[in-house]
1. Could you check the stretch 9-26 and list, in sequence order, the residues that are within 22 Å of the chain's Cα centre (by Cα) and over 21 Å from Leu44 (Cβ atoms)?
2. Out of contact with any Asp or Glu (no Cβ under 6 Å at 6 or more places or on another chain) and under 17 Å from Arg214 (Cβ atoms): is that true of Leu183 in this structure?
3. Only one of these conditions is not met by His146: (1) of a type outside the set (S, T, N, Q); (2) at pLDDT 95 or above; (3) out of contact with any helix residue (DSSP H, G or I) (no Cβ under 8 Å at 6 or more places or on another chain); (4) under 29 Å from Met126 (Cα atoms). Which number is it?
4. Being in contact with a Ser or Thr (Cβ under 8 Å, 6 or more places away or on another chain) and part of a strand (DSSP E or B) is the filter; apply it to the stretch 33-80 and report the residue that is surrounded by the fewest Cβ atoms within 10 Å (Cβ to Cβ).
5. Kindly provide the set of residues from the stretch 10-32 that are assigned to a loop (DSSP other than H, G, I, E, B) and surrounded by 23 or more Cβ atoms within 10 Å (Cβ to Cβ), ordered by number.
6. Is there a residue in the stretch 111-129 that is crowded, with 18+ Cβ neighbours inside 10 Å and over 24 Å from Val162 (Cα atoms)?
7. Quick check on my filter: what residues within the stretch 99-144 are closer than 20 Å to Val188 by Cβ, in contact (Cβ under 8 Å) with a residue 40 or more places away in the chain and of a type in the set (Asp, Glu)?
8. Looking at the stretch 115-144, which of its residues are assigned to a loop (DSSP other than H, G, I, E, B), over 17 Å from the mean Cα position of the chain (by Cα) and of a type in the set (A, V, I, L, M, F, W, C)?
Amino acid sequence: MFDIHSHILPGIDDGARDLSVSLAMARLAVAQGVTVQACTPHILPGMYDNRGEAIRRAVAALQGALDEAGIGLRLVAGADVHLVPGLVEGLQSGRVLALADSRYVLVEPPERLAPPRMADQFFGLMLAGYHPILTHPERLGWVSSHYELIEQLTQAGVWMQVTAGSLTGGFGRRAQYWAERLLEEGRVHVLASDAHDTERRPPDLLQGREAAARRVGEDEATHMVVTRPMCILANDLPTSVPGPVAGASAGVSNEQQASLPQQRPPSGRPSGIDADGGEPGGLRLLLGRMRRLLGTGE
């Protein structure tokens, strides 16, 4: 498997506190079946002022330590990029890193409030030739009130990355509900661990993959941890790999679907309000432009 999101680099953000934790995380990841691990520390000005070259040096140093310890894990550089102004310029200058120097960028929106004009920022990335991957939408505090935005972004071609631990209940019932809903609606492109340590948030991609397979079938689960991550690492076009499929059409029989627990949101239903608080029509026009840019049609 290929894990495109982790905080395994030591002492650089809120992930591994030191090299011993990084090595322990790497051993756990290998035991799970991970062969390539993206090192994606936070880049958030004022809190985590990580820069591209420093991240690359940290990745090289950790790779050397893994090789010396005989841990068979290959590392690639990247970042968990927070959605802030100047993101395109940061990527173009090398201050901000895409995944493995590809077109694909992990983008983390604010957790508690949907930022105004969020769709514009994603459109700007696409216009500049990058392909954004929105990280853990199921854990965002505003997902229930702005779910229409998530729907429209996926329709426009933005990829969604769900956390393995959300599917196994590690982040609570609310995150699990939204992870399962996204999965069964065919909106999840990639599954990743977002591992931070060995106890509270350990590498758990295998358990997440197994949970996904129970919902959407073995083939689609494999696409989320092998096929699409390989596409990212090879910098292939997103259209070169199969797109996500919904639960009922992903190899899960009607009898299996009927036996799955019924999903109910823990706290109400989505309201369909736009991210900027306005009417959805303007956002649909913008996302129509994004679809045309990507050649995905209306």
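The values are calculated or read from the model by the stated rules, or taken from the named source; none is laboratory data. What you are looking at is a predicted structure, and each value in this text was computed from that prediction instead of being measured. Cβ placement follows ideal geometry from the backbone for every residue including glycine, while neighbour counts extend to all protein chains displayed.
1. Listed by number, the residues that qualify are Met25, Ala26.
2. Taking the combined requirement at face value, the residue satisfies it.
3. Result: His146 passes all but (2).
4. Arg74
5. From the stretch 10-32, those assigned to a loop (DSSP other than H, G, I, E, B) are 10-18; that's our starting set.
Correct list: Gly15, Ala16.
6. no
7. Matches in the stretch 99-144: Glu108, Glu138.
8. Here is the first cut: in the stretch 115-144, the ones assigned to a loop (DSSP other than H, G, I, E, B) are 115-117, 128-130, 136, 140-144.
So of that shortlist, the ones also over 17 Å from the mean Cα position of the chain (by Cα) come out as 115-117, 128-129, 144.
Residue satisfying the conditions is Ala128 alone.
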